[in-house]
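Visitor: Encoded as structure tokens, here's the structure I'll be asking about.
Every read-out reported here was derived from the displayed coordinates using simple, explicitly stated rules and does not represent laboratory data. All figures in this text were calculated on a predicted structure; none of them were measured in a lab. So basically every Cβ, Gly included, is an ideal-geometry build from the backbone, and we count neighbours across all protein chains shown.
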């Protein structure tokens, strides 16, 4: 367990530093309560509309589909590193892998998951 | 270790490749076609693919080798379970030919998901590597999360899917955490390596390892629906489409038990004195809570759900002993259990009406006089579940309890016997409704007759009678399957 002590110390330090920064600014900070200051921060732009807007479910679908194909790309990396050693056999294996995901792509396309309107 | 995998090793996973191939074809069919004809073709393709896979699987009986750098294993244990899953798939697909069309959930995706689910089960039970087991479990679970919620217009079905997904994801987290803790304390992630490691390092005890073992039990306990991880079972089994309930109650349970038995009986036998006490309590609770709660249920699907919890308890009775030779009793029991449950759920499907996913006891009233064949089939399945000779359910119980007696767990066997007596009440209650009650309501007695249902029920009935009267072949098969632990 001893080798984990360092991690534990780091956790504690991180907590202390975060608490200290917030605490100091709370105690020492100068506060002016104007309307602009209390509004939710939005990259320096003027806030528009309510904060809790309902998002259309399409965002989630697109995000989910993105994840699947993103992970596919990540799986291609380790193959690419050793592709010379694996040779033609490895190449065919990878093609099959991509092909299976390609069928998934056709499926979501035909099902209309990629249509926005 | 060489990174290269010889191409010849792929011939050992032909059944898995067949399932994947057919599943992909069905998926494409699902998005390009629609309508009842396309659904029928999909169903037939699914059955054909499963039959092919079954033929190739059965041919592998007797093979014993590790492939893909020890990530995958072909042995009798895996082959036994794979054949069972494929048989379940064929029966469920047969039922679905009619049921899925009736409920308008059929089509390519439905059958593709059934096949991918079985693919996951097959991967799960044929590896002694934690990572492969986990991947198999996830492939299986993801398919079933979707299948549960297919009745999209029914609130109960959506609830079932969401509930199963959330709790399932949580349980999977436990399982993965357990695996990682065992890996953290030993540095090994292969069950066979762990076995060798414990043989050298006896006595081995590390707090992290013990906690990991506990987490592993929680994860598997959820999938086999043992008390206290059973809360999802009745709601999910009731809400899911009935064909999927049959698929889950048999396939998922068998797969989870398969992986559990393989992991524990390979590596963790030296710690049997530790985990057997915990599972002793779990088994008694699982049997008792399942049976007592089933007594007050009025929905037949719910009764069968609680009965499936109780049956998990019976199987755990044999699991506790840690007797590697007698592990065959669990395999035999799972096989018998699968056939009686698929049969019973098929009978429920027959009695259910379109768009009505409930199955109140009243809908079975008077079935004996109006539809004697269906009532007879249901009675056989219920009697087998209750453990009445000469049916397979009796042989299974006898075999499981005698394993406990042999290992001198007398109290456990006695509690098991008492539980079977309690269970007989609610199984016989359904029979009482079928034979001694007058039909209730105006639409009473209307059933969905179709040759597919009849065929499935006949197959299940034949299997139960055959396994009950001539159990030798099956017991020898199960004993050969557990020979890998020897």
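Visitor: Alpha carbon centre of region A:1-70 versus region B:4-55: separation in Å?
Guide: When both Cα centres are located, 47 Å separates them.
Visitor: Which angle from 0 to 90°, rounded to the nearest 10, does the C-alpha axis of helix B:76-102 make with the longest principal axis of chain B?
Guide: The helix B:76-102 is inclined about 30 degrees to chain B.
Visitor: So, one more: Rounded, prolate or oblate: which fits region B:142-260 when a ≥ b ≥ c are the square roots of the eigenvalues of the alpha-carbon gyration tensor, with rounded for a/c under 1.5 and prolate only if a/b beats b/c?
Guide: Prolate.
Visitor: Also, quick follow-up: What angle, in degrees between 0 and 90 and rounded to the nearest 10, separates the Cα long axis of helix B:14-32 from the longest principal axis of the Cα atoms of chain B?
Guide: Taking the Cα atoms of chain B, the angle to B:14-32 is about 40 degrees.
Visitor: Pop a pseudo-label 7 angstrom from the Cα along the beta-carbon direction at both residue A:34 and residue B:470 and give the gap in nm to one decimal.
Guide: 9.3 nm
Visitor: Once you have a ≥ b ≥ c as the square roots of the Cα gyration tensor eigenvalues for region A:2-110, tell me rounded if a/c is under 1.5, and otherwise prolate or oblate according to whether a/b is larger than b/c.
Guide: Judged from the Cα gyration tensor, region A:2-110 comes out oblate (a/c at least 1.5, b/c at or above a/b).
Visitor: Additional query: First measure r as the distance between the Cβ atoms of residue B:405 and residue B:41, then evaluate 1/(1 + (r/R0)^6) with R0 = 45 Å and state the FRET efficiency to the nearest 0.05.
Guide: Efficiency, rounded to the nearest 0.05: 0.30.
Visitor: From the C-alpha coordinates alone, can you work out the Kirkwood hydrodynamic radius of region B:253-296, in Å?
Guide: It is 12.0 Å.
Visitor: Inside 10 Å of the C-beta atoms of A:96-103, what's the mean count of C-beta atoms belonging to other chains?
Guide: Going residue by residue through A:96-103 and averaging, the value is 2.
Visitor: Give me the extension gain from residue B:48 to residue B:11: residue separation times 0.36 nm, minus the current Cα-Cα distance, reported in nm with one decimal.
Guide: That pair, residue B:48 and residue B:11, stretches by 11.4 nm at full extension.
Visitor: FRET efficiency for residue B:205 and residue B:414, Cβ-Cβ distance as r, R0 = 30 Å, nearest 0.05?
Guide: 0.40
Visitor: Ignore the peptide's own chain and count Cβ atoms of other chains within 10 Å of each Cβ in A:88-95; give me the average, rounded.
Guide: 1
Visitor: Can you tell me the FRET efficiency between residue A:17 and residue B:180 if r is taken as the Cβ-Cβ distance and R0 is 22 Å, rounded to the nearest 0.05?
Guide: Once the sixth-power term is evaluated, E becomes 0.15.
Visitor: While we're looking at this one, here's another question. Over chain B, what is the relative contact order in percent, taking alpha-carbon pairs closer than 8 angstrom and at least six residues apart?
Guide: The value is 15 percent.
Visitor: Shifting gears a bit: Rounded if a/c is under 1.5, else prolate if a/b beats b/c, else oblate: with a ≥ b ≥ c from the C-alpha gyration tensor eigenvalues square-rooted, which is chain B?
Guide: The shape class here is oblate.
Visitor: Would you mind checking the tilt of helix B:207-223 against the longest principal axis of the Cα atoms of chain B, expressed as 0 to 90 degrees and rounded to 10?
Guide: 20 degrees
Visitor: Please pull out the direction-averaged projected area of region B:1-134, using the convex hull of its alpha-carbon atoms, in nm² to one decimal place.
Guide: For region B:1-134, the mean projected area of the Cα convex hull comes to 8.4 nm².
Visitor: If packing is taken as the mean number of other Cβ atoms within 10 Å per residue, what is the order of B:187-197, B:139-149, A:7-17, B:330-340, highest first?
Guide: B:330-340, B:139-149, B:187-197, A:7-17
Visitor: With each pseudo-label sitting 7 Å past Cα toward Cβ, what's the residue B:458-residue A:64 distance in nm, one decimal?
Guide: So the two model labels end up 4.2 nm from each other.
Visitor: Treat the protein assembly as shown as a sphere of radius equal to its Kirkwood radius over Cα pairs and apply Stokes-Einstein at 4 °C in a medium of 1.567 mPa s; give the translational diffusion coefficient in µm²/s, rounded to a whole number.
Guide: The Stokes-Einstein estimate is 50 µm²/s.
Visitor: Continuing with this model, one more query. Tell me the Kirkwood radius of region B:208-322: reciprocal of the mean inverse pair distance over distinct alpha-carbon atoms, in Å.
Guide: 14.4 Å
Visitor: What number, rounded to the nearest 500 deg cm²/dmol, is the helix-based mean residue ellipticity at 222 nm of the protein assembly as shown, given -39500 (n - 2.57) per DSSP H run of at least four residues and division by all its residues?
Guide: -24500 deg cm²/dmol
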